[in-house]
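The block underneath contains the structure these notes are about, expressed in structure tokens.
Computed from the coordinates by the stated procedures, all read-outs in this text should not be read as laboratory data. This one's a predicted model, so the numbers in the text were calculated from it and none came from an experiment. No Cβ is skipped: glycine too gets one built from the backbone with ideal geometry, and neighbour counts run over all protein chains shown.
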Amino acid sequence: MTRPSRTRHFLRDDDLSPTELIEVLDLADVMKAKRYAHQPLAGPRSVAVIFDRPSTRTRVSFANGIAELGGYPLIIDAQVSQLGRGESIADTARVLDRQCAAIVWRTSGQDRIEEMAAHSRVPVVNALTDSYHPCQLVADLQTVREHKGRLAGLTLTYLGDGANNMAHSYLLAGAAAGMIVRIGSPAGYAPDAEILNRAAGIAAQTGGRVEHITDPHAAVDGADVLATDTWISMGQEDETTARSAPFAPFAIDEAALAAAAGDAIVLHCLPAYRGREIAAAVIDGPSSVVWDEAENRLHAQKALLAFVLERS
Ligand code: CP
Ligand code: NVA
């Protein structure tokens with residue numbers, strides 16, 4: 001059985017329209033102010049949270065968030081499930097959607113989560129794929145808005161791997177929020193052209209702008225928000241040595257921070273590698289908002305779950 005078309009999934013950032021993104025961010029703020037007031041999972045109804053890959057923040061924030069929404073977090077390590085032994089994604093979806101209110105999945109290929117959604121009658125949420133990390137972006141935008149009071153018109157510079165999940169999500173979600181998103185990366189690590197185009201199309205509607213820049217100095221100049229991520233994403237461990245030299249000029253160090261706006265804030269989705277993509281003095285300094293960002297995973301994902309459940 002294929003899913004009814006009205007089921008709302010969140011597989012990539014642009015599954016929320018610009019208006020819906022603001023709605024979710026507003027709800028996240030409300031949920032942050034009143035942690036236990038919203039109980040859409042009362043019963044408790046369960047949410048399956050499946051991990052094909054390691055996680056600290058995503059695991060903890062979904063587990064706590066689902067519990068705070070009145071539900072039961074069913075955390076599944078794929079390695080010890082039949083999915084990890086080759087049971088099909090379609091059959092897994094057909095079993096989970098009979099018992100769970102939603103399915104949250106961290107996996108590798110975007111095609112895998114799309115297949116799960118195609119066979120699920122309950123909402124499927126992307127908890128990171130190789131292509132996108134959209135839950136992280138809701139938390140990041142909530143954090144920026146808390147510290148800056150707005151999103152539209154701000155310049156957000158991401159320095160690092162322009163081809164990874166975080167860069168792609170900054171492009172799509174930042175554009176939806178009406179931001180000027182600059183991706184600064186080595187030439188060989190540019191964003192996917194199709195995603196860059198899609199983000200440009202969204203930005204054209206919201207008054208935002210997206211750019212890919214290979215000069216790290218130009219990228220950080222005057223930015224309101226600096227963001228980075230590991231140079232070595234999960235699954236790329238064998239590229240660690242090859243990536244060191246090209247990525248070194250794209251570190252967020254004290255010089256990069258000094259070239260940004262005087263009141264710039266610094267984001268990092270974590271885990272961080274001090275002395276590589278970010279200097280200890282920056283991540284542990286006064287411009288860093290990374291701990292607020294990590295906390296906001298909880299509030300943002302609660303709002304997101306409430307939104308997709310209500311709209312499905
Ligand atoms: N930022 C993030 O997704 O962290 P985890 O990999 O620890 O979940
Ligand atoms: N780009 C990183 C994000 C980790 C949260 C990765 O995919 O490993």
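Of all residues in the range 163-201, those being assigned to a loop (DSSP other than H, G, I, E, B) and away from ligand 2 (no atom under 16 Å from the Cβ) number 3.
Any residue at all in the range 285-297 that's within 16 Å of ligand 1 (Cβ to nearest atom), among the polar types (S, T, N, Q) and either closer than 24 Å to residue 155 by Cβ or surrounded by fewer than 21 Cβ atoms within 10 Å (Cβ to Cβ) (or both)?
Step one: list which residues in the range 285-297 are within 16 Å of ligand 1 (Cβ to nearest atom), which gives 288-297.
Okay, now just the ones that are also among the polar types (S, T, N, Q), so 288, 296.
Now narrow it down to the ones that are either closer than 24 Å to residue 155 by Cβ or surrounded by fewer than 21 Cβ atoms within 10 Å (Cβ to Cβ) (or both): 288, 296.
Yes.
What about residue 271, is it over 16 Å from the mean Cα position of the chain (by Cα) and either free of Cβ contacts under 8 Å to residues at least 12 places away in the same chain or within 17 Å of residue 128 (Cα to Cα) (or both)? No; evaluated as a whole, the condition is false for this residue. Looking at 242, 223, just one residue is closer than 22 Å to residue 137 by Cα and of a type in the set (Gly, Ala, Ser), and that residue is 223.
Residues in the range 264-282 that are in a helix (DSSP H, G or I) and surrounded by fewer than 19 Cβ atoms within 10 Å (Cβ to Cβ): how many?
Residues of the range 264-282 that are in a helix (DSSP H, G or I), as a first pass: 280-282.
Checking the rest, the ones that are also surrounded by fewer than 19 Cβ atoms within 10 Å (Cβ to Cβ) come to 280-281.
Number of matching residues: 2.
Filtering the range 105-118 for residues that are of a type in the set (Val, Ile, Thr), assigned to a helix (DSSP H, G or I) and surrounded by fewer than 24 Cβ atoms within 10 Å (Cβ to Cβ) leaves an empty set. Taken over the range 119-141, the residue count meeting the criterion of being within 16 Å of residue 94 (Cα to Cα) and not in a strand (DSSP E or B) is 5.
Among the residues of the range 59-72, those that are surrounded by fewer than 22 Cβ atoms within 10 Å (Cβ to Cβ) and either within 16 Å of ligand 2 (Cβ to nearest atom) or part of a strand (DSSP E or B) (or both) comprise 59, 60, 72.
Of all residues in the range 156-189, those satisfying the criterion of being within 16 Å of ligand 1 (Cβ to nearest atom) and on the phi < 0 side of the Ramachandran plot are 158, 161, 164, 165, 166, 167, 168, 169, 170, 173. Consider the range 20-58 and keep the residues that are of a type in the set (Gly, Ala, Ser) and under 23 Å from the mean Cα position of the chain (by Cα). The one that is nearest to ligand 2 (Cβ to nearest atom) is 55.
Evaluation of residue 130 against the conditions (1) among the acidic types (Asp, Glu); (2) crowded, with 19+ Cβ neighbours inside 10 Å; (3) more than 18 Å from residue 58 (Cβ to Cβ) shows that the sole unmet condition is (3). Kindly indicate whether any position in the range 228-248 is in contact (Cβ under 8 Å) with a residue 12 or more places away in the chain, under 20 Å from residue 151 (Cα atoms) and either surrounded by 12 or more Cβ atoms within 10 Å (Cβ to Cβ) or within 24 Å of the chain's Cα centre (by Cα) (or both). Within the range 228-248, one or more residues are in contact (Cβ under 8 Å) with a residue 12 or more places away in the chain, under 20 Å from residue 151 (Cα atoms) and either surrounded by 12 or more Cβ atoms within 10 Å (Cβ to Cβ) or within 24 Å of the chain's Cα centre (by Cα) (or both).
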